[in-house]
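Please read the structure below before turning to the comments.
The values are calculated or read from the model by the stated rules, or taken from the named source; none is laboratory data. Everything numeric here is computed off the predicted structure, so don't read it as measured data. Backbone-built Cβ (ideal geometry, glycine too); neighbour counts: all protein chains shown. Accessible surface is based on the protein model in full, side chains and every heavy atom, while ligands, DNA and RNA are left aside. Shrake-Rupley method; radii C 1.70, N 1.55, O 1.52, S 1.80 Å.
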Amino acid sequence: MTPHLLSVDQLDRDAIDELFAIAQRMEPIARRRKICRVLEGAVLGNLFFEASTRTRISFNVAFCRLGGSVCDTTGFTFSSMAKGESLTDTSRVLGGYCDALVMRHPDLGSVAEFASAVNVPVINGGDGPGEHPSQALLDLYTIEREFERIQRPLAGAHILMTGDLKYGRTVHSLIKLLSLHEPMHITLVAPTGLEMPTPLLDLVADRGHRLELRDSLDEVFEPIDVIYATRIQKERFTEEMIESFKGISDEFIVNRAFLDRRCTPGTIVMHPLPRDGRPGANDLSTDLNGDPRLAIFRQTDNGIPVRMAIFAKLMGIEADFDRDLRDVGWRVPEAIGVDDARF
Ligand code: CP
């Protein structure tokens, strides 16, 4: 891995397997069974210039659970970029203060520009409609763990991606990672104007996967192993698109009725979150809450060991971070959520 994590293009299968093996070793720390202080003295700068709950907090928590400390800033208002400071000046300054940096920014390519001026590791926490590599890694880690749990091979699996495939950066990164696997069947269902960019379709086809494009969920007839639903990213729409957008119709809603019609007891339902719960949004339905096939919170939980593994690899602690672990001294619930499935 290069000193920064900016795009999943930097990773091949061996690098991903190595990262996931580190993430598995991180599990006792991430699941609050063990305490680790390997990053004691290290400071993370966490800079989020776009809204975030999961990515910002989970990078923060991952660093703290390895013993480090975190300084963070959110939004442009309280950053000197509001006074015209460049991305590269900002990164050079922060590189002098911090041992690693995570940044989310609304502009495509901005995190790579930020990283170009500094030698401390920079992680892309999302650059506009570009990429979200740590999310794709935790998504793939979740898919692999879920397939292990149901004792099925990932090779040949049928993966359905639906929602905003144009602006949803998580699907851009995830489809690249999936394309590195043995051949799969990938079906894409997106509203008109929100389809997956053509270069990504070409990449998947060139790597030997079976690719299908459908106009509605009910046009998907073969059993589905993984549904990956995404939110409509209206914040990235142009004025013209906002005016003409009529909303998401019923043919794109992933809910219990769709699972009953088209899926099996082994189907895994994922979403990068947040899911838009506002009336008319028609995002992934809450009527699936409590259904063990809904893996969205197993997915968010997996964000911690995967992000710890990214820090371990970028900061050179992967060999022996687990040498001096201690037991935690407080009570941790067996299941975190009240609806969590017991397997
Ligand atoms: N999945 C994800 O990126 O969530 P946040 O926007 O809350 O960070």
Next item on the list: Give the relative contact order (percent, whole number) for the chain; include only Cα pairs under 8 Å separated by 6+ residues.
Entry: 20
Next item on the list: Set the Förster radius R0 to 25 Å, insert the Cβ-Cβ distance between Glu18 and Leu325 as r into 1/(1 + (r/R0)^6), and round the FRET efficiency to 0.05.
Entry: 0.75
Check: If one takes the longest principal axis of the Cα atoms in the chain, at what angle in degrees, from 0 to 90 and to the nearest 10, does the Cα axis of helix 54-65 lie?
Finding: 40
Checklist line | 11 Å reach of a label modelled at Ile150, 7 Å along Cα-to-Cβ, counting backbone N of region 260-279 | finding: 263-270
Item checked: Lys, Arg +1 and Asp, Glu -1 on Cβ, resulting dipole of the chain about Cα centre, debye, nearest 20 -> 1080
Notebook entry, point to check: If you place +1 on the Cβ of every Lys and Arg and -1 on the Cβ of every Asp and Glu, how big does the dipole about the Cα centre of region 116-190 come out, in debye to the nearest 20?
Noted result: 60
Next item on the list: Under 19 Å from a label point 7 Å along Cα→Cβ of Val332: give me every residue in region 148-182 with its amide N that close.
Entry: none
Checklist line | Arg25/Ser244 FRET efficiency (R0 41 Å; Cβ-Cβ; nearest 0.05) | finding: 0.25
Next item on the list: As a check on your grasp of the helix formula, calculate [θ] at 222 nm for the chain: sum -39500 (n - 2.57) over DSSP H runs of n ≥ 4, divide by the residue count, round to the nearest 500.
Entry: -10500 deg cm²/dmol
Next item on the list: Relative to the longest principal axis of the C-alpha atoms of the chain, give the angle of the C-alpha long axis of helix 296-315, reported between 0 and 90° and rounded to the nearest 10°.
Entry: 40
Next item on the list: Can you send over the carbon and sulfur percentage of the accessible area for region 184-335, probe radius 1.4 Å, protein chains only?
Entry: 49
Check: In the chain, how many lysine pairs have Cα atoms under 20 Å apart, counting only pairs 8 or more places apart or on different chains?
Finding: 5
Check: Is region 172-277 rounded, prolate or oblate when judged by the Cα gyration tensor, a ≥ b ≥ c being the square roots of its eigenvalues, rounded requiring a/c under 1.5 and prolate requiring a/b larger than b/c?
Finding: oblate
Note to self: Can you list residues from other chains, or at least 5 along the same chain, whose modelled amide H is less than 5 Å from the amide H of Asn46?
What the structure shows: Cys71, Asp72, Thr73, Val102
Margin query: What is the angle, in °, between the Cα long axis of helix 87-97 and the longest principal axis of the Cα atoms in the chain? Nearest 10 is fine, range 0 to 90.
Written below: 50
Next item on the list: Return the Rg/Rh value of region 26-181, two decimal places, where both radii are evaluated on C-alpha atoms and Rh is the Kirkwood radius.
Entry: 1.01
Margin query: Taking amide H atoms as placed 1.01 Å from N in the peptide plane, list the residues 5 or more away in sequence, or in a different chain, whose amide H sits under 5 Å from that of Gly68.
Written below: Leu39
